[in-house]
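Just so you know, all these numbers are worked out from the coordinates, no wet-lab data involved. Owing to the predicted nature of the structure, the values given are computational and were not obtained by experimental measurement. With ideal geometry, Cβ positions are generated from the backbone for all residues, glycine too; neighbour counts draw on all protein chains shown.
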């Protein structure tokens with residue numbers, strides 16, 4: 001989300017209340033308070049979705065249309081408002097929403113609207129205008145409960161915390177993960193959209209998992225101890241046992257130990273590949289961070305519109321001052 005959800009909730013509640021009071025005091029729809037609430041909620045939704053301010057007329061029309069449809073079906077317009085508002089707020093997720101997110105957001109909006117309707121049905125010892133303001137704030141609070149629901153949504157492949165990194169990785173394997181963490185947080189600031197940010201997170205998580213794999217492989221290789229295994233193989237082959245059963249068991253022992261060494265060679269190969277993949281992923285994050293920084297608009301891309309005019313005036317003033325000084329020197333010489 002572009003801002004912490006409590007701040008977004010407070011902004012939406014304040015703006016919706018202001019618009020509802022304005023409509024009430026202007027006399028518009030004074031006999032239909034539910035429609036004042038519907039319009040106020042629809043017109044104030046852009047405060048929460050400020051990065052998509054250009055869509056404010058369309059989202060207002062969608063909210064009002066959903067309210068009209070709900071009214072036609074014989075229920076409160078605010079139920080339709082909660083449904084559409086939940087769907088619109090779902091786009092605030094830091095990751096690309098899936099089908100579960102859309103359903104979750106719409107149900108949260110409807111539930112919030114239903115609870116708010118129950119609350120605003122109470123008689124308040126206030127004036128009509130003050131009552132409408134309180135009702136608008138309560139309804140906005142109920143529907144905006146979608147925001148904490150979305151904020152607490154479990155994100156797939158969430159990058160581990162610093163405490164988790166310290167708990168799961170030894171010192172030798174932490175440096176690449178912390179570097180990936182730094183690159184991820186730096187690149188996120190330049191990420192143009194949610195899918196790009198999620199993709200960067202997946203690559204950084206990949207670095208963490210590769211380091212976990214490296215740690216596991218190294219632990220297995222340390223337990224293998226190829227020199228010790230080779231000594232056992234040599235000792236078994238050196239014994240010339242007269243007993244056929246014992247001799248056969250030693251031959252089978254040699255075969256198992258030899259396969260154990262073969263597995264060790266395979267693990268060594270996998271370790272090299274895992275290390276190469278970790279280096280590749282880190283280099284990818286470094287390139288992504290720099291590429292995203294370059295892709296952002298830079299101040300030097302376009303000069304101020306009045307720069308030529310200002311430069312012309314400065315040159316003209318400089319020429320006039322130079323001519324004035326030259327004339328003064330000539331007069332003094334006479």
- Task: Please grab the % of Cα pairs in region 162-295 that end up more than 26 Å from each other.
- Result: 46 percent
- Among 310-316, 138-144, 288-294, how do they line up from the highest to the lowest mean number of other beta-carbon atoms within 10 Å? 138-144, 288-294, 310-316
- For region 162-295: relative contact order, % (alpha-carbon pairs under 8 angstrom, 6 or more apart): 39 percent
